[in-house]
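Notes for the one structure printed next.
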Amino acid sequence: MPRLYFDANASVPPHPEAVEAVRRAMAEDWANPTSTHREGQRARHRLEEARREIAAALGVAPGELVFCSSATEALHLLVRGLRPALGDRPAAVFPGEHSACLNPLRDWTRVTWLPEVPEGCATAVQMAANNETGILYPMPRVSGAVRVKDCAQAWGKVPVDLSDCDAAVFSGHKMGGPRGAALLWLRPGLPWEAVMEGPQERRRRGGTEDLPAVLGLAAAVRHLTERQSLNAALVTLRDALETEILGWNRGVEVIGRDLPRLPNTSALLLRGRNGEAVQASLDLAGFAVSTGSACHSGAVKPSHAITTLGYSSDEARSVVRLSFLPDARPAEVEALAAALKRLT
Ligand code: PLP
C-alpha cells in the first residue's frame, strides 16, 4: 500500500503548477530583480506581476506585501519591527500562538496573554487558526493597538479576512506553494521599522528576492479558491472519522469538537496512550500523522497549544493530530481509521 499522508498542517505537496513555475523560473528567470540590465528588469517585472496577482487574491494593495522566506521570518520581522516604536508598551498575545510568534515577543518589556488586554496595549497578536487543534479564533477587539493576525494555517483552508487587523503573515508551503515563499502584509502607516536592512522589498526586507519561490507561490494562489472548496468539503470525511472513533468508546476526546475548526484537522486526545508512540506505530504502518506542530516534534515538552486549553501535560502528551490533504479520499480515511483502531 502507498504511504498515506495526514500531516497537511506541517506542509503539503506543492501544486504541480507551482512546481513547474519554480522549475521554469530557475531555468529562465534566475537573474537578480535588483539588477538594472535587461535580465534583471525582466526578473523585476515577473516579481511585480506575481505581487499584483497575490495581492489581488488577498484584497490588498501590491505595495503592502513583503515577500519573505517563511511565516516564521515574517513574524520575526513584524514583531521586531514594531518594537522600536511600541516595545516599551505592553503587548497581548494569544497563549496558544506558534513559537514563531512568541519568540520575537521575548524582547518586549511586558507581554500578557489574551483575552487579558493590558492598559496601553501596543499590539495584539492572534492566530486565525491553531495549527494543532484547528480551532478558529476571532481577532480580539483592542482599540489603539496594532492588530497582528497569523494566517499561516488558515490560508487556503478557510477564507481569511484582513479587515479586522493591521498586519498579517502567510505561509506558502502550507497552501500548495513552494518552501521559501511567505508573505508579510503591512497596512500603510504602521509604526514599523525594517530590521533586516537592504534595498529590496522597498527597504522592508533586505536580501535578494527568491523569484522562483515567489512565482511558485503565485501559481499556487491561482488555485486558492479551488483549494479552499476542497478543504471545506473535508468536513464530512473528518466528522465521519471522528464519529467512528468516538463510537469505539475508548475514552478518546476530540479537542475542540464543538468549536469552529479548520475542516481538515482533528486533534485526538487518546487518554492513557503516548502520542509519540502512536505516531511512531502509525508511521511504521504507512501513515504520516503528527503529535502536534511539526516545529515541536521531537521536543519533550508537551504542547502549549493543548495545555492552554486547560488540559494537563500528560493529556497533551497523549494527543495525535490528523490533518488531511485537500484531496484526501474516503478509502484513505477508512484505512487510517482501521489502523488507529488496531494500534490504539
Ligand atoms: N504560524 C503558525 C500558526 C504555524 O502553524 C506555523 C507553522 O507551522 C508558522 C506560523 C510558521 O510557518 P513557516 O513554516 O512558514 O515558518
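The values are calculated or read from the model by the stated rules, or taken from the named source; none is laboratory data. Values in this document were obtained by computation on a predicted structure and should not be read as measured data. Counting neighbours? That spans all protein chains shown, and the Cβs are built from the backbone with ideal geometry, glycine included.
Would you check which residues across the range 206-221 are within 26 Å of K157 (Cβ to Cβ) and in a loop (DSSP other than H, G, I, E, B) and list them? Break it down into steps so the answer makes sense when it comes.
Filtering the range 206-221 for residues within 26 Å of K157 (Cβ to Cβ) gives 210, 212-221.
D210 - this is the single residue of the range 206-221 that is within 26 Å of K157 (Cβ to Cβ) and in a loop (DSSP other than H, G, I, E, B).
Quick one: A71 ticks every box in (1) among the small types (G, A, S); (2) surrounded by fewer than 15 Cβ atoms within 10 Å (Cβ to Cβ); (3) under 17 Å from the mean Cα position of the chain (by Cα) bar one, so which box is it?
(2)
Tell me the residue from V158, V148, V195 that is under 27 Å from A8 (Cβ atoms), of a type in the set (V, I, T) and in a loop (DSSP other than H, G, I, E, B), please.
Details: V148 fails: in a loop (DSSP other than H, G, I, E, B); V195 fails: under 27 Å from A8 (Cβ atoms).
Of the residues listed, the single one that is under 27 Å from A8 (Cβ atoms), of a type in the set (V, I, T) and in a loop (DSSP other than H, G, I, E, B) is V158.
Does the range 40-60 contain any residue that is under 30 Å from F324 (Cβ atoms) and either within 16 Å of the chain's Cα centre (by Cα) or of a type in the set (K, R) (or both)?
yes
With respect to L58, determine if the residue is aliphatic (A, V, I, L, M), buried (at least 19 other Cβ atoms within 10 Å of the Cβ) and modelled with pLDDT of 95 or more.
Values: aliphatic (A, V, I, L, M): yes; buried (at least 19 other Cβ atoms within 10 Å of the Cβ): yes; modelled with pLDDT of 95 or more: yes.
So L58 fits the description; yes.
In the list G156, G207, G198, G189, which residue meets the criterion of being surrounded by 22 or more Cβ atoms within 10 Å (Cβ to Cβ) and at pLDDT 95 or above? Let's see the steps before the verdict.
Values: G207 fails: surrounded by 22 or more Cβ atoms within 10 Å (Cβ to Cβ); G198 fails: surrounded by 22 or more Cβ atoms within 10 Å (Cβ to Cβ); G189 fails: surrounded by 22 or more Cβ atoms within 10 Å (Cβ to Cβ).
From the options G156, G207, G198, G189, the qualifying one is G156.
So, of the residues in the range 95-110 that are touching a residue at least 24 places away in the same chain (Cβ under 8 Å) and more than 15 Å from the chain's Cα centre (by Cα), which turns out to be surrounded by the fewest Cβ atoms within 10 Å (Cβ to Cβ)? Even if it seems obvious, please write down each step before you answer.
If we filter the range 95-110 for residues that are touching a residue at least 24 places away in the same chain (Cβ under 8 Å), which is where we start, we get 95-101, 103-105, 107-108.
From the residues that got through so far, the ones that are more than 15 Å from the chain's Cα centre (by Cα) too are 95, 103-105, 107-108.
Numbers: P95: 15, N103: 14, P104: 21, L105: 20, D107: 11, W108: 20.
Out of the qualifying residues, it is D107.
When you go through G40, G87, G81 one by one, which is the residue that is small (G, A, S) and closer than 19 Å to A152 by Cβ?
On the way: G40 fails: closer than 19 Å to A152 by Cβ; G87 fails: closer than 19 Å to A152 by Cβ.
Testing whether each residue is small (G, A, S) and closer than 19 Å to A152 by Cβ leaves just G81.
When you look at S143, is it within 16 Å of the ligand (Cβ to nearest atom), modelled with pLDDT under 95 and of a type in the set (G, A, S), yes or no?
So S143 fails the test.
Hey, can you tell me all the residues within the range 160-175 that are more than 9 Å from the ligand (Cβ to nearest atom) and either of a type in the set (S, T, N, Q) or touching an Asp or Glu at 6+ places or on another chain (Cβ under 9 Å) (or both)? Spell out how you get there, then give the answer.
Looking only at the range 160-175, we keep the residues that are more than 9 Å from the ligand (Cβ to nearest atom), and these are 160-168, 175.
Within the range 160-175, S163, A168 qualify.
Restricting attention to the range 228-279, which residues are part of a helix (DSSP H, G or I), of a type in the set (D, E, K, R) and closer than 17 Å to A338 by Cα?
Filtering the range 228-279 for residues part of a helix (DSSP H, G or I) gives 228-247, 275-279.
Okay, now just the ones that are also of a type in the set (D, E, K, R), so 238-239, 242, 244, 276.
Listed by number, the residues that qualify are R238, D239, E242, E244.
Restricting attention to the range 324-338, report how many residues are surrounded by fewer than 18 Cβ atoms within 10 Å (Cβ to Cβ) and either over 15 Å from V12 (Cβ atoms) or free of Cβ contacts under 8 Å to residues at least 24 places away in the same chain (or both). If you could, list the steps in order and put the result at the bottom.
The first filter runs over the range 324-338 and keeps only residues surrounded by fewer than 18 Cβ atoms within 10 Å (Cβ to Cβ), leaving 327, 329-331, 334-335, 337-338.
Next cut, either over 15 Å from V12 (Cβ atoms) or free of Cβ contacts under 8 Å to residues at least 24 places away in the same chain (or both) only: 329-331, 334-335, 337-338.
Number of matching residues: 7.
If I ask for residues that are away from the ligand (no atom under 16 Å from the Cβ), of a type in the set (G, A, S) and either under 23 Å from E193 (Cβ atoms) or in a strand (DSSP E or B) (or both), which ones from the range 44-103 would you list?
Across the range 44-103, the qualifying residues are A55, A61, G63, G81, A85, G87, A91, A92.
Just to verify a result, which residue in the range 111-137, among those that are of a type in the set (A, V, I, L, M, F, W, C) and within 16 Å of the ligand (Cβ to nearest atom), is surrounded by the most Cβ atoms within 10 Å (Cβ to Cβ)? Walk me through it before giving the result.
Kept after step one, since they are of a type in the set (A, V, I, L, M, F, W, C), are these residues of the range 111-137: 111, 113-114, 117, 121-122, 124-125, 127-129, 135-136.
After this cut, where a residue has to be within 16 Å of the ligand (Cβ to nearest atom) as well, the list is 114, 124-125, 127-129, 135-136.
Values: L114: 19, A124: 24, V125: 29, M127: 25, A128: 24, A129: 23, I135: 19, L136: 18.
Per the stated criteria, the residue is V125.
Specify the residue that is surrounded by the most Cβ atoms within 10 Å (Cβ to Cβ); the eligible residues are those in the range 14-43 that are assigned to a loop (DSSP other than H, G, I, E, B) and out of contact with any Gly (no Cβ under 8 Å at 6 or more places or on another chain).
Taking the range 14-43 first, the residues assigned to a loop (DSSP other than H, G, I, E, B) are 14-15, 29-37.
So of that shortlist, the ones also out of contact with any Gly (no Cβ under 8 Å at 6 or more places or on another chain) come out as 29-30, 35-37.
Working: D29: 19, W30: 11, S35: 14, T36: 9, H37: 10.
Across the range 14-43, the extreme among qualifying residues is D29.
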